[in-house]
Structures are given as structure tokens and as C-alpha cells.
Amino acid sequence: MQQITRRALLGGMGLALGAGLLPRRVQAERPPNFVVIFCDDLGYGDLGCYGAEKIKTPRLDAMAAEGMRFTDFYCAAPVCSPSRVALLTGRYPIRSGITRVLFPQSKDGLDAGDLTIAEALKGLGYATGCIGKWHLGHLPPYLPTRHGFDYYFGLPYSNDMFVEKRGDPPLPLMRNEEIAEQPANQDLLTQHYAEEAVRFIERSKDKPFFLYVAHSMPHVPIHCSDRFRGKSAGGLYGDVIEEIDWSVGTILDAIKKNGLDEDTLVVFSSDNGPWLVKGPDGGSAGPLREGKGTTFEGGMREPGIFRWPGHIPAGRVEHAPAATLDLLPTFVQLAGGTLPRDRVFDGRDLSGVLRGTGRRDGDEFFYFNADKLEAVRSGPWKLKRAFKGSVYGKPVEHPAVLFNLEEDPGESSDRSGQHPELMQGLEKRMQEFESGLGPVPAMKH
Ligand code: MG
């Protein structure tokens, strides 16, 4: 599969990877480095530049001021594992079979046939590193080192996945495929991830690199180091976010110190919305409705900050919808490759949007929750299908609802009664998309 993928990636260039050659455009100018900083359960309203008042995030606010801040940026699932597979593969999670959260007892994980950003970029000569939470299978065949990453340091699954009576092993902190510390000291995770990220940048600086920093925080149980504990006006949750802000600054400083500012596109986002049922240990969705586990905006709309000095005009606020799904197609395009044609990509190339020279191709976004398609957005309109069930033990029931997200981002005013034809049209688009998926893999667990 890898060889086919690599040929497909380089096919348009008429060059062979086996000869150690890179595409012509890549040889002429260094392709950009990519750094993706991805939080866990961070809310839309948890950063200063997205309206937080008590939590101070000066480095992320500066990153947004120096780059582009998306107001309508989506992750592709309202919980951890499926959101991560979508980011790394550029495809809705249902196409990989990872539609629910994996656990320490899980026997499955990311399939060898799935193409990750790391594999795609490795085929184009990139050094690749994964630091932080993986959560796409903790057994050897599924680890980052088997999916295109040269280096891995972090937790293989969520930081709350230690239930003694269930027989869970103490939380392991891994380096490549070995356990480095067990149980992991969670107070130091954010600090260690930053230090590891800096070391990766320093040792990789002479060739293009892709660094994926997936924070374990602010997923509960929340932890921070002594340096940040008790400092934020936002309580312990604020301390945790302020340490993440410090970590972002540390990574940006390392990029600058190594002379790579204009060669490095840095992206910041999160895997799903805040865990509201966790009370003060959870974040804020700001003006958005609900949070983690739901397909209301609070569950899936996230901060989305892109910084690339000299390429992204500074200080831009972008209102057009975009998603973590878009990262793979965007990075492959910017790295001088072409997407393989053996599969469907749901993400779209954002390079024109980032440079201010073009628009994203298509404005539809489909909201999946596990293997169910629950909602669709097209332009400003969002149709959410009727729902009856429970979200983290809380019963939830609503009829099919229609919102205009430009006028009503908080989804407070159902417009379904006024626009029956629009409702029908959006429902039809969802049915077309579902039938167009074709056979999908069995759900992994
Ligand atoms: Mg999460």
C-alpha cells in the first residue's frame, strides 16, 4: 500500500522516491515545515482571542494576530479517537472504522491501509514526529511509529483511562514503542511535551519536518506543573490552559531561534468541545451550544489558528468554514505532492484561503457522531436531524431543527418552520452523502 501511495504522491512529478529524489519544486525551494498543536477537550471559548476573560493566553492571541484565526473551524467528531483519525487521514472517521473512543482493552486501531499525514509527507522527504496523546490503538501495529512517524513520545490513550477494577494497566508514557514511565506523572505532561517538541525541531531543522503535538490536556483529570498551579484567575482549568499557552510559545520560540519562522506553518486546534458535565474541570464553549459528545456547535467547532509569517497575511479573521479534515490535502499541496487517487478525501486544500488568494472548494460539512450522520452545514444553514438518546448520562431529545449559523451561532432559534424546502434539500444531501459512502469498515473497538 505504501509503495502505491508514494508513487501516487509523486506520480505527477515523474520522479521516483526510491532514488532519493524529491519533486522539482521541492528541490528549488524548501517546502514548509508543518506543526500541528492539537488540544484535548479544549472549548471554543477558552482562549483570549476567542473571548475568554479569566484565562490568559497571550502567546496564542499573538499567534492569531500574526496569522489567521478561523471563526468556523471544525473537528470531525465530538470525541477523541474519531476526531484524531479524521485529522490524520483527511477523511470522515466512518471511512476508517474508528468512530468511537478506544480503550486500554481495545484490540484494534488505525488500519495499515489508512494514509496518514505523516506517511504522505514522509513520502515527500519529511522528518515526522508525534508527541502527546495518540489514541488510535495502543498495541504495536497501531502505534505512531507504524503509521509514518519517525519518533513518538506520549500517552497511547486518554489520561483518565486507568480504572483499577477494570484491570487497566497504570497509565503508560511511551517513547517510540517502549514504556518510558509508568504511571505517567501527569503534572509534567504539558512541560515534557514542549521540551520534546523543541528537541524534535532542533534535530530535524535541516530538512522539512511534520510535528504533531497532541496535548493530553485539558482532558480530565486536569493537571499542570507547579509553575502554573494556582496562578490563573480561571482556577485550575485556567492554569492548565495557561501552561498550554506557554508551551505554544516555547514551540514558536524554538522555530524562530532556528531561523524557521517563514518556513513553518503552525496550526492550533482541539479534538472536540469542552466536557461540560465535568463542572469546573471542563472548559467553555463560549457562545456555542452544548459541548463534547454532541453535534451542536459546542461539540465540534473549535479554535483554529494558522500562523506562517510571510505567507499568511497577519491579523486575518476568516469566517468561511474549514476543518481539521483539510490539513492533509493542504499540507500535501504545499509540500509539492499530489493526493493519491485510490480513495476519497473529505478535506479540501486550504492553501488559497491561507494566502488570501482563493476560496475553499465546497462549503458543506457533515457532522458525524459515532457512525450516525446527525447534521449538515451548507453555507450559513445547519440541519440537525431529530435526536433521542443520552449524552454522558443526560437524556437529550429534540426534533429536526434548522439554524442560520451566521445569525445564530448559539443555535437558539429553530427556523425549520419557516424553511421547509431548505430542510428537505439538506436532508436529501445527507442521504446522498450516506449512500455515496459505499461499504464502510466495521466499527473498531
Ligand atoms: Mg477529546
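The numbers here are math on the coordinates, done by the rules we state, and not lab data. If you're wondering where the values come from, they're calculated on a predicted model, not measured in any experiment. Because the Cβ atoms are built from the backbone with ideal geometry, glycine has one as well, and the counts that use them run over all protein chains shown.
Dividing the mean sequence gap of close Cα pairs (under 8 Å, 6+ apart) by how many residues the chain holds gives a relative contact order of 24 percent.
Let me know the shape class of the range 277-355, please: from the alpha-carbon gyration tensor, a ≥ b ≥ c as square roots of the eigenvalues, rounded when a/c is under 1.5, otherwise prolate if a/b is greater than b/c, or oblate. Note, shape of the range 277-355 comes out oblate. Placing unit charges on the Cβ atoms of the charged side chains and taking the dipole of the chain about its Cα centre, the candidate lying farthest along the positive direction among Phe365, Gln424, Ile94 is Ile94.
Divided by 2.2 N^0.38 Å, where N counts the residues, the Cα radius of gyration of the chain comes to 0.92. Does the range 49-207 come out rounded, prolate or oblate, given a ≥ b ≥ c as the square roots of the eigenvalues of its C-alpha gyration tensor, rounded meaning a/c under 1.5 and, failing that, prolate meaning a/b above b/c? It comes out rounded by the Cα gyration axes.
Please find the FRET efficiency linking Asp253 to Val440, where r is the Cβ-Cβ separation and R0 is fixed at 45 Å, and quote it to the nearest 0.05. Efficiency computed from Cβ-Cβ geometry: 0.55. Spin-label pair Lys372-Lys207: with each label point 7 Å from Cα along the Cα-Cβ axis, the two points sit 4.7 nm from one another. How many percent of the alpha carbon pairs in the range 371-436 exceed a separation of 18 Å? Considering the range 371-436, 39 percent of its Cα-Cα pairs are separated by more than 18 Å. Using C-alpha pairs under 8 Å with a sequence gap of at least 6, the mean separation divided by the residue count of the range 371-436 gives a relative contact order of 27 percent.
In the chain, which whole DSSP H runs stretch at least 20 Å along their own axis (Cα) and average -0.5 or higher on the Kyte-Doolittle scale? Length and hydropathy pass: 235-257.
Here the range 146-228 is treated with +1 on each Lys and Arg Cβ and -1 on each Asp and Glu Cβ, and its dipole about the Cα centre works out to around 220 debye. Once the C-beta distance of Lys107 and Gln418 is scaled by a Förster radius of 41 Å, the resulting FRET efficiency is 0.25 to the nearest 0.05. Where both bridge residues fall in the chain, DSSP classifies roughly 55% of the beta bridges as antiparallel. In the chain, taking the dipole from charged Cβ atoms about the Cα centre, the farthest positive-side position among Gly148, Met443, Tyr392 is held by Gly148. Quick check: the distance between the Cα centres of the range 257-279 and the range 353-427, to the nearest angstrom? Here the two parts' Cα centres lie 25 Å apart.
Of all the options Gly282, Gly230, Gly238, the one that moves most in a Gaussian network model of the chain with Cα springs shorter than 10 angstrom is Gly230. Checking every one of the trypsin sites (Lys or Arg not before Pro) in the range 27-103 against DSSP loop status and a limit of 15 other Cβ atoms within 10 Å picks out Lys54. Each residue, Glu53 and Glu164, gets one label point 7 Å from its Cα in the Cβ direction; the gap between the two is 4.3 nm.
Here Lys122 is the anchor, and the aspartates and glutamates within straight C-alpha reach of less than 17 Å, apart from those fewer than 8 places off in the same chain, are Asp114, Asp150, Asp206. Charge dipole of the range 371-436 (Cα centre as origin; +1 on each Lys and Arg Cβ, -1 on each Asp and Glu Cβ, all else neutral): 180 debye, rounded to the nearest 20.
For the range 30-361, the dipole from Cβ point charges (+1 on Lys and Arg, -1 on Asp and Glu) about the Cα centre works out to 520 debye, to the nearest 20.
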